[in-house]
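Only one structure is covered here, and it is reproduced in the block below.
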Amino acid sequence: MKTTTLVTTILLALFFSNLSFADETIVMIRHGEKPEAGLGQLNCQGLNRSLALPEVLRKKFDMPSAIFAPNPGTQKNDRGTPYNYIRPLATIEPTAISLGMPVNTQFGLDDIDALQTALLSPAYANATVFVAWEHRLAEEAARKILATNNGAPTTVPTWESSDFDSIYIVKVTIDPQGKRIASFSIDKQGLNHLPSSCPQ
C-alpha cells in the first residue's frame with residue numbers, strides 16, 4: 001500500500017512538474033531600418049538586416065510554431081504620406097522562407113488586442129512564436145500581455161525610435177494551478193554593423 005501511494009505521489013509530482021513547464025515564448029522584433037521618406041518600406045541597411053536575421057533567430061530560439069506580421073494592406077502615415085506598411089513583413093520574410101513557414105498577416109497594424117488573443121491561444125501554450133511589428137505597438141503588446149497575465153508591465157522599457165536591434169521576449173508560463181504568469185526580457189540581434197548599401 002505504501003509503495004502504491006509513493007508511486008502515485010511521484011507520478012502526480014511529475015505530472016504537475018510538466019504542467020509548470022508549459023512555456024510559451026513570444027519573440028518580438030521591430031522592422032529593419034527605413035528610408036528617410038518612409039515609403040512603408042525598408043532601406044538597404046534594413047534589407048541587409050532582414051537577410052541576416054534568420055541565422056540570428058535560429059541560434060537564439062527554438063523553431064517557431066507561427067510567425068506574425070501586420071497585414072501589409074494596412075496603410076500607415078509615413079512622414080506625412082500614407083503608404084502600405086510592408087516593413088515588418090519584409091523584415092521577417094527571409095526568416096519565414098528559410099524555415100519553410102508561412103507568415104500570418106490576418107491582423108491589421110493596430111489590432112493589438114486581436115493579436116494578443118491569438119498569441120495566447122492554447123495552440124501556442126508550449127510554443128515559440130515570432131512577431132515582427134512596429135516598435136511602439138510591439139512595446140504596447142508586450143505590456144498588455146504582462147498586465148493581463150500576472151506579470152509586471154513596468155519591466156517593459158520604451159522601445160526607442162533609433163533602436164532596430166532589440167528583441168523583446170515575453171515568456172508565458174502556466175503553473176500547476178493553471179495560472180498564467182508572464183515575464184519579460186530583452187536580447188539583441190547584434191546586427192547594427194551591417195552596410196547601408198544594398199546587396200549586389
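Bear in mind that the values in this text are calculations on the coordinates, not laboratory data. Note that the coordinates shown come from a computational prediction; the quantities given were computed from them, not determined experimentally. As a convention, Cβ positions derive from the backbone with ideal geometry for all residues, glycine included, and neighbour counts pool all protein chains shown.
Things to note:
- Above-threshold pairs, the threshold being 20 Å between Cα atoms, out of Lys60/Lys144; Lys34/Lys60; Lys59/Lys171; Lys76/Lys188: Lys60/Lys144; Lys34/Lys60; Lys76/Lys188
- Listed residue (Pro153, Thr105, Gly38) projecting farthest to the positive dipole end of the chain, Cβ model: Pro153
- For segment 22-188, the antiparallel share of DSSP beta bridges with both residues in that region comes to about 70%.
- Extended-chain gain in nm, criterion 0.36 nm per residue less alpha-carbon gap, Asn126 and His193: 20.7 nm
- Local electrostatic count at Pro153 - Lys and Arg +1, Asp and Glu -1, tallied over other residues with Cβ under 12 Å: 0
- Charged side chains reduced to their Cβ positions (Lys and Arg at +1, Asp and Glu at -1) give segment 22-188 a dipole of some 120 debye around its Cα centre.
- The alpha carbon centroids of segment 167-200 and segment 113-133 are separated by 13 Å.
- When the GluC sites (Glu not before Pro) in segment 99-200 are filtered for DSSP coil states and for at most 16 other beta-carbon atoms within 10 Å of their beta-carbon, the remaining sites are Glu160.
- Cα→Cβ-extended label distance, 7 Å offset, between Thr117 and Thr81, nm: 3.6
- Charge tally for Ser166 (other residues, Cβ to Cβ under 12 Å; Lys, Arg +1; Asp, Glu -1): -3.
- Helix 135-147 and the longest principal axis of the Cα set of the chain meet at an angle near 20°.
- Estimated inter-spin distance, Arg58 and Thr155, nm [label 7 Å along Cα→Cβ]: 3.1
- Rounded to the nearest 20 debye, the dipole magnitude of segment 130-171 is 260 debye, with +1 charges on Lys and Arg beta carbons, -1 on Asp and Glu beta carbons, and the Cα centre as origin.
- Rounded to whole Å, sorted largest first: equivalent-ellipsoid semi-axes of segment 77-200, Cα gyration tensor: 27, 17, 16
- Around Thr117: net Lys/Arg minus Asp/Glu count, Cβ-Cβ under 12 Å: -1
- Sequentially through segment 166-183, phi angles give Karplus couplings (6.51, -1.76, 1.60; θ = phi - 60°) of 6, 10, 8, 10, 10, 10, 10, 10, 9, 7, x, 8, x, 8, 7, 10, 9, 9 Hz, Gly and Pro residues having no value and appearing as x.
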